[in-house]
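Step one of this worksheet: look at the structure below.
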Amino acid sequence: MHIRAVNLKKTTKKLPPEIENFIQKLGIFYENVGLTNIAGKIMGFLLVWGEPVSPQQICSLLKVSRGSVSNSLRLLKAYGYLEEQKITGIRNRFYSLSDSAWKNSIRVKLQAYLYLTEIIQEGRKIVERNQSSTQIFDEALVLIQKEQNFYNNVIKNWEEEVINQIQRVK
């Protein structure tokens, strides 16, 4: 679990304007890269909240519907961005950012590239059977491979840097 980034009273009914602005910006960012605006807002909220939160708290503080929050939580959990926790004696589920949320965001891209590679290869075979040029498909496959290598290196370098930071703190 992450340490709270901003000192917020957990009983607050309204978020400070600078926090709301930050959350809004992340909502727009994530919407522009393929998630929903609400999913992006939830990511922003969890970044600043810093401890497990219930869907009801998210609905109340972000002023969004229960259905939107539920759908977004399922999506974010499926992508590995969130961890779900249960607290003994409390029926509700609670959510926090996964310790590997950032790495998982890259892994989602890598999974998408695997699927895209399959599709491009299938298209290449169809075009090749019709004796047409496969150059554009070949170029796409080279680019996809380069991007996969790039993101794999990003993960490797990031992990090494995090390990080095932890060792410096000790």
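The values are calculated or read from the model by the stated rules, or taken from the named source; none is laboratory data. If you're wondering where the values come from, they're calculated on a predicted model, not measured in any experiment. FYI the Cβ positions are ideal-geometry reconstructions off the backbone, even for glycines, and counts take in every protein chain you see. Please note that ligands, DNA and RNA were not included when accessible areas were found on the heavy atoms of the full protein model with its side chains. Shrake-Rupley method; radii C 1.70, N 1.55, O 1.52, S 1.80 Å.
Remarks
- Loop GluC sites (Glu not before Pro), segment 113-158, which have at most 13 other Cβ atoms in a 10 Å radius of their Cβ (DSSP): none
- Element breakdown for the chain at a 1.4 angstrom probe: carbon and sulfur atoms account for 54% of the accessible area.
- Environment charge at Gln121 (Cβ cut-off 12 Å; Lys +1, Arg +1, Asp -1, Glu -1): -2
- What the Cβ-Cβ distance of Gln135 and Ala112 gives, at R0 = 22 Å and to the nearest 0.05, is a FRET efficiency of 0.40.
- Across Lys41/Lys77; Lys25/Lys156; Lys14/Lys41; Lys109/Lys146, pairs whose alpha-carbon gap is larger than 19 Å: Lys25/Lys156
- Each Lys and Arg Cβ is given +1 and each Asp and Glu Cβ -1; about its Cα centre, the chain then shows a dipole of about 920 debye.
- With all protein chains kept in place, the per residue accessible area of the chain amounts to 66 square angstrom at a probe of 1.4 angstrom.
- With R₀ fixed at 25 Å, the C-beta to C-beta distance from Lys77 to Glu160 puts the FRET efficiency at about 0.35.
- Structure-derived Rg and Dmax of the Cα atoms in Å - corresponding label in [x] 20.4, 67; [y] 16.2, 53; [z] 21.5, 69: [x]
- On full extension, the segment bounded by Ile28 and Tyr151 gains 41.9 nm, given 0.36 nm per residue less the C-alpha separation.
- Heavy-atom accessible area with a 1.4 Å probe sorts Thr134, Thr36, Thr88, largest first, into Thr88, Thr36, Thr134.
- Lys/Arg +1, Asp/Glu -1 at C-beta; the chain dipole; positive extreme among Leu76, Val154, Asn104: Leu76
- Considering only alpha-carbon pairs that sit under 8 angstrom and 6 or more positions apart, the relative contact order computed for segment 50-170 is 18 percent.
- Point-to-point label distance, Ser100-Lys14, nm (Cα→Cβ direction, 7 Å offset): 4.1 nm
- The 3J(HN,Hα) values that the Karplus relation (6.51, -1.76, 1.60; θ = phi - 60°) gives for segment 93-105 are, in residue order, 9, 10, 10, 9, 5, 5, 4, 10, 4, 5, 5, 5, 5 Hz. Gly and Pro appear as x.
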